[in-house]
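Beneath this line is the structure, given in C-alpha cells, with notes to follow.
None of the figures in this text is laboratory data; all of them are computed from the coordinates on show. These numbers were taken from a predicted model, which means no experiment stands behind them. Counting neighbours? That spans all protein chains shown, and the Cβs are built from the backbone with ideal geometry, glycine included.
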Amino acid sequence: MSNDPSTTILVVGGGIAGVSAAVEAAEVGFDVVLVEREASLGGRVARLNRYFPKLCHPACGLEINYQRLRNNPRVRVITMAEVAAIEGQVGDYRISLSTRPRYVTPACTACGDCSRAAESEVADAFNYGLSKVPAAYLPESQAYPLRYVIAPEIIGTPEAAAIKDACRYGAVDLDEQPGSIELAAGAVIWATGWRPYDASRIEAYGYGRLANVITNVEMERLAAPEGPTQGRILRPSDGAEAKRVALIQCAGSRDVNHLPYCSRICCMASFKHAAYVREQYADASVDIYYIDIRADNKLEAFYRRAADDDQIRLIKSKPGAIEEDADKNPVVKGEDTLSRELYGNAYDLVVLAVGMQPNAALDAPPLALSQDDYGFIVPELDRGQIAAGVAAGPLDVSMSVQSATAAALRAIQALQGARQVAAE
Ligand SMILES: Cc1cc2nc3c(=O)[nH]c(=O)nc-3n(C[C@H](O)[C@H](O)[C@H](O)COP(=O)(O)OP(=O)(O)OC[C@H]3O[C@@H](n4cnc5c(N)ncnc54)[C@H](O)[C@@H]3O)c2cc1C
C-alpha cells in the first residue's frame, strides 16, 4: 500500500463509525489507515449484548465490516495506537502515531496456549472490570485482529517467561517496546466515539458506593452470554436473581451540573434493558423513571412494545436519591410528577441510564479541532478534518453508519479539492 497523502485518509477510532468510514473510502479506491487505541476494533458496539430496534447481536453489524476490511488491501489497520502529533494542511498532513506493546506478534494463531499458561488474572476491560481474564487474553471472542494480548503488569516475571515458552508459534515477544509510526494523509476522519458519563459524579445515586446500583453499559455486559455472569442478570452484591429492577433515565443527562444534552439513545437502550429482564424472568417487574420519553420516529414501535407490557411501569419522575436498606436493596426515593406522591421503592437492582460523553471532550485531540460546547467535533471541510459517529454527536448505530458514509465522501472531496488547488 502506498503512502501518498493525496490519496490517503487517516481514520482515528475503530468503532462502528470508523470501520464503516474506512471500508467505504477504501472500496472507492482510496488508501486508508485505520488507527484504534484498544487491542481490537468494534468500539462500544462490540460490548452491547444486542442492539435495537431488532435486538440482533452486534456481530450482525460488525462481522460484515470486518469481512470487508479483510478483503481490502487498501486499509491498513493499526491497533493499540494513538495519534501523538499531526502537522500540515489538507492534502498533506504528517502524522506521528504512538504505539503500545501487545507482546504478541502477527504469528499468533489464537490457539490459546498462552492463556492456559497464565497463572494470574487482570480486570477484563471488555466487561467494564466486572470480571477477570488470565494475564494472556483475547480482547473478546470476536476480536479483530484475532490476536492475544499479554498484560503489561506481568512483563519481566517468571509467569511471562512461561507464557512465552508455551507458544508453539514463537508469537510472544516480551521485548516489544512502546514505539512510533510516521505516516502521511491528506484528510482525517475523527471517529473517536464516546465513553459513558462517570456515574460516580452523580453522588445522590450512590454508584460505586451501593453494590446493586450499576450503569446501562454494565447492564449490557450482565445480559451478554459471554459477559461476567454468562448472561444471567444477577445482583452484584450476592449473585441473586434481579427480578425487581429500576431503570433511571437521564442519570446525569439534561442536567447543567453534568451533561446538559440528551444522548438520544438512552430511552431506547432502557426499553431494551427492560426486555432483557422480562425475557429472562417471567415474574420480573421493571420500573422506568423518566423525565420524558424520547423515542425517535422509527423506534416508536419498540417503545410501544415495552409500554404495553403490564409488568413494565413508567414513572414520570426524576428520582432525588438512592439509598440502601439492610438487605442491600437499593431504595429509590423521589416524587411522582403526575400524582405528586412521594415514593421510596426498593429493588434488587438499579440501572442508571448514563449518557454518551464524547471522548474528544476528555482526551484533547493532538490538533486544534473545532468542537461544540460539549466536546463533539465540528467538521472543517476546508482543513480536511471531518468527524463521524458519536464523535460528531449523540447517534445510534444506524445513524453512526450513515454519518460515517458521509464522512468518507467528505474526506474524498477534501482530497480532491486539495489536488485541484495544487494543480492550479
Ligand atoms: C447503554 C447503551 C446501549 C446502546 N444500545 C444501542 C442499541 O441497541 N442500538 C443502537 O443503534 N445504538 C445503541 N447505542 C449507541 C451506540 O453504542 C453508538 O451509536 C455507537 O457506539 C457509536 O459508534 P462510534 O464508532 O461512533 O463510537 P465508539 O463505539 O465509541 O467507537 C469509538 C472507537 O474509537 C476508539 N478511540 C477513541 N479515542 C481514540 C483515539 N484517541 N485514538 C484511537 N482510537 C480511539 C475507541 O477505542 C473506540 O474503539 C447504545 C449506547 C448506550 C450508552
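Within the span defined as the range 116-131, one or more residues are out of contact with any Asp or Glu (no Cβ under 6 Å at 6 or more places or on another chain) and farther than 28 Å from GLU218 by Cβ. One residue stands out among those in the range 6-23 that are over 14 Å from TYR66 (Cβ atoms) and surrounded by 24 or more Cβ atoms within 10 Å (Cβ to Cβ): the one that is farthest from the ligand (Cβ to nearest atom), which is THR8. The set of residues in the range 27-50 that are surrounded by fewer than 24 Cβ atoms within 10 Å (Cβ to Cβ) and either free of Cβ contacts under 8 Å to residues at least 24 places away in the same chain or more than 9 Å from the ligand (Cβ to nearest atom) (or both) comprises GLU27, VAL28, GLY29, PHE30, ASP31, ALA39.
Applying the condition of being part of a helix (DSSP H, G or I) and free of Cβ contacts under 8 Å to residues at least 60 places away in the same chain to the range 271-297 and asking which residue is farthest from ARG235 (Cα to Cα) yields ASN297.
Apart from one condition, GLU153 fits all of (1) touching a strand residue (DSSP E or B) at 6+ places or on another chain (Cβ under 9 Å); (2) outside any helix (DSSP H, G or I); (3) not small (Gly, Ala, Ser); the exception is (2). Based on what the data block shows, is ILE291 out of contact with any His (no Cβ under 7 Å at 6 or more places or on another chain) and more than 19 Å from PRO53 (Cα to Cα)? When the stated conditions are applied, ILE291 passes them.
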